[in-house]
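Since every read-out is calculated from the coordinates, none of them should be taken as a lab result. The model shown is predicted, which means the values in this text are computed figures rather than measured ones. Reconstructed Cβ throughout: ideal geometry from the backbone, glycine too, with neighbour counts over all protein chains shown.
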Amino acid sequence: MAKEAHITKFDSREFVAVDPSKCNGCGICEYVCSLEKSEGQWNPLTSRIRVLRLNPLLNVAMACRFCKDARCVRACPEKALVQSGANGVLIVDERKCKGCDWCVQACPHGGIALHPDKGFVVACDLCGGEPKCIGFCPEEALELVSDDDAADGMWNAAIEKLPSEIERLANVVRKREWSRILAEAEERALRTSGKLEEIKRREHSVKKG
């Protein structure tokens, strides 16, 4: 018999969504998240947001969507997951969580993961309302949205653009317009290095404080 839906009412709902047409897979979001959540350690494996690099033309960052019918909550055999009534943020009872990863498998958005060292699951908590991943994304590919249609719309739009983007790149290569490709790559590299410097300054400030 199928489990009953676990519908939770929230006062508000916002979650981090990605525009795949902008995401270049740099991983800055993973590093700044791990720095924020793991006591100053740069370890993307502890990040609450994960970058999925599907191919050079399609990269996506995935985070918890705080679903109203949360499959992860329903799947947990230990009842270790509950949601905040204010915004749906997942609250993990670390004493109950056995690391079985049923919740990870149940999530349709890739938004929950096992901590590699501590053995319990972790998920985005919006950094108290100001997600660091959004502020440090060099391509401005991340934003807060309030419903699944908005997030899915960005995915669908990016997928629709793929054929034209492939054709554009094919023409650039065919014509050997290497300077154009290198210029685009240099611009991305400069934006990424700039954000890395911001993260380093922030880390230094935290350590001094």
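Some values worked out for this structure:
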| item | result |
| --- | --- |
| Difference of contour (0.36 nm per residue) and Cα-Cα distance, residue 161 to residue 178 | 3.9 nm |
| Residue among 155, 185, 114 farthest towards the positive dipole end of the chain, charges placed on Cβ | 114 |
| Residue-span extension gain [residue 82 to residue 196] - 0.36 nm each, minus C-alpha spacing | 37.6 nm |
| With at most 16 other Cβ atoms within 10 Å, longest stretch of the chain clear of loop GluC sites (Glu not before Pro) (DSSP) | 95-139 |
| Exposed-site-free run, longest, the chain (rule: chymotrypsin sites (Phe, Trp or Tyr not before Pro); DSSP loop; at most 16 other C-beta within 10 Å) | 121-209 |
| Fewest-first ranking of 121, 60, using other Cβ atoms within 10 Å as the exposure measure | 60, 121 |
| Max mean-square fluctuation residue, GNM over the chain, Cα-Cα springs under 10 Å, options 28, 49, 166 | 166 |
| Inter-site label distance for residue 150 and residue 68 at 7 Å from Cα along Cβ, in nm | 1.5 nm |
| For the range 92-209: rounded, prolate or oblate by the Cα gyration tensor [a/c cutoff 1.5] | oblate |
| Cα→Cβ-extended label distance, 7 Å offset, between residue 189 and residue 168, nm | 2.1 nm |
| Residue of 71, 180, 191 that the Gaussian network model of the chain assigns the largest fluctuation, springs spanning Cα pairs under 10 Å | 180 |
